[in-house]
Amino acid sequence: MGRGEVSRRRMIGLAGAGLLALGAGTAACGPVEEPIEGGGSEPGGGSGSKKPGGGAAPGGKPEPAWQHATTFDGLAWIAGVAVVDDVVLVSGDPLVARDLATGKEIWSRAEVTTPGASMLIADGTLYLASARYDGNVIGLDPRTGRDTWRSRLGDKEYAQPRVIAADADHVYVIAGILDKNFRTPDNVIAAIATGSGKVVWREQRDHGTDQYGITAQAVGKRLVYTDFRENLTVRDTATGHQVWTKKVGRTSNRGFAVHDGLVVVAIGERLRAFDLETGAERWSFATEKYSRFNDPAVLDGVLYVSDTAHGLWAADPATGKRHWHNKGSLDVAAPWQFAKVGDVLYGATQFDKNGGVHAFDPANGKVLWTYNDGSGDIDRWYLAAGGRTVVGLHAKKVTALPVG
């Protein structure tokens with residue numbers, strides 16, 4: 001099959017998925033190497049390391065170990081970049097893997113997945129929807145880029161399935177049900193066995209339920225997901241049985257946290273925790289007036305969340321009891337994604353040309369330093385951590401920062 005034919009199929013698939021308006025085309029050439037760059041805003045001060053690529057002293061901003069151009073399309077829902085052992089995976093076309101320590105390209109594959117693919121890793125495998133829009137779901141070895149697994153939800157009755165979560169036993173997908181006019185007024189959620197590739201269960205969702213805007217996590221025996229229609233739903237991972245669902249109001253952002261039997265979701269000005277098994281609300285608290293919470297995260301047993309008033313919060317995820325609320329933490333931009341390496345908390349900001357990767361003191365939320373790539377792009381930053389390195393993805397650049 002020629003490259004032009006694949007490209008036409010990609011465009012047809014995008015139109016069918018309702019994503020064409022977002023802009024699809026991504027370059028099929030390999031990333032261009034770029035020199036290391038530093039700079040950007042530095043709220044909170046902090047001295048840099050003495051040499052490029054060196055880890056900073058405590059409280060000091062590090063210099064990038066490496067930085068490269070990417071073909072990232074900006075459409076990834078949650079995980080635009082991932083670290084698996086010593087491999088960095090960057091969403092885009094081509095899909096590229098780099099060595100965490102050196103940034104050297106390990107492998108690159110063009111037209112292997114759809115635009116906006118999230119880097120969803122489970123049990124050492126990267127799961128993706130096929131770029132050929134043929135209904136296949138594929139698994140890749142992050143270290144080699146080779147296909148190690150392949151399956152499909154059905155033959156011709158479903159539109160392109162999209163991977164929403166994965167664990168050691170199952171890959172969870174959403175797919176539209178094609179009617180006689182090739183429209184998808186309804187959709188299914190399904191689990192495919194990672195061992196055999198067989199469909200374990202398939203459940204049709206309520207009529208009119210949106211198949212986009214879905215964030216999902218597989219935790220133990222439960223699959224948890226939210227969607228644009230303001231639902232929070234929990235299913236049994238083994239059977240697909242719906243344990244509970246409820247209207248919770250439109251969630252503020254994309255991510256939520258699942259920790260120790262609770263689901264923590266930001267819903268407007270309130271952070272709410274629901275019992276994973278019953279759906280009962282266990283605790284909630286509100287942010288400041290005229291402010292909304294961003295995406296929460298639980299790291300090392302502490303719940304962290306920022307708000308649109310540029311405050312940062314830390315709380316006990318079991319009770320909602322606040323450890324601290326630093327109203328003056330963020331003079332520039334609030335993080336939507338967090339990581340923790342050693343004794344430092346890191347946050348990736350949303351749409352702000354003066355944002356970047358913040359480093360915080362987890363004891364009080366004080367900003368230690370901010371790294372910005374100097375591009376001026378207002379695209380969302382994505383964050384992943386591996387070993388003693390924090391990797392930031394922003395617009396067309398991926399940057400590795402050695403820390404600690």
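The values are calculated or read from the model by the stated rules, or taken from the named source; none is laboratory data. Model, not experiment: these values are computed from the prediction. Don't worry about glycine lacking a Cβ; one is built from the backbone with ideal geometry, like all the others, and counts go over all protein chains shown. Each accessible area value is taken on the protein alone, full model and side chains, heavy atoms only, with ligands, DNA and RNA left out. Shrake-Rupley method; radii C 1.70, N 1.55, O 1.52, S 1.80 Å.
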Self-check item: Inter-part distance where the stretch 74-111 and the stretch 261-327 are each reduced to a Cα centre, Å
Solution: 31 Å
Quiz prompt | Inter-label distance for ARG270 and ASP186, nm, one decimal - labels placed 7 Å from Cα along Cα-to-Cβ | solution = 3.3 nm
Practice problem: Sticking with the crude label model, points 7 Å out along Cα→Cβ, report the distance from THR102 to ASP179 in nm, one decimal please. | Solution: 5.6 nm
Quiz prompt | Computed label-point distance, nm, for sites ARG292 and ASP169 using a 7 Å Cα→Cβ extension | solution = 3.6 nm
Quiz prompt | GluC sites (Glu not before Pro) lying in DSSP loop within the stretch 91-193, provided at most 15 other Cβ fall within 10 Å | solution = GLU157
Quiz prompt | Values of log10 I(q)/I(0), in the order q = 0.16, 0.22, 0.24 Å⁻¹, for the stretch 252-308 under a Debye, Cα-only, solvent-free model | solution = -0.44, -0.80, -0.93
Practice problem: Work out the FRET efficiency for ALA309 and HIS207 from their Cβ-Cβ distance, taking R0 = 30 Å, and round it to the nearest 0.05. | Solution: 0.15
Quiz item: How high is the FRET efficiency between ALA69 and LYS156 when r is their beta carbon distance and R₀ equals 41 Å, given to the nearest 0.05?
Solution: 0.55
Quiz item: Ignoring any ligand, DNA or RNA, what whole percent of the accessible area of the stretch 139-270 comes from carbon and sulfur when the probe is 1.4 angstrom?
Solution: 44 percent
Quiz item: Excluding ligands and nucleic acids, what accessible area in Å² is computed for ASP343 using a 1.4 Å probe, to the nearest 10?
Solution: 130 Å²
Quiz item: Counting Lys and Arg as +1 and Asp and Glu as -1, each charge on the Cβ, what is the dipole of the stretch 192-320 about the Cα centre in debye, to the nearest 20?
Solution: 380 debye
Practice problem: Would you mind working out the accessible area per residue for the stretch 201-351, using a 1.4 Å probe, and quoting it in Å²? | Solution: 42 Å²
Quiz item: Given a Förster distance of 30 angstrom, what is the FRET efficiency for LYS321 paired with TRP244, based on the Cβ-Cβ distance and rounded to 0.05?
Solution: 0.75
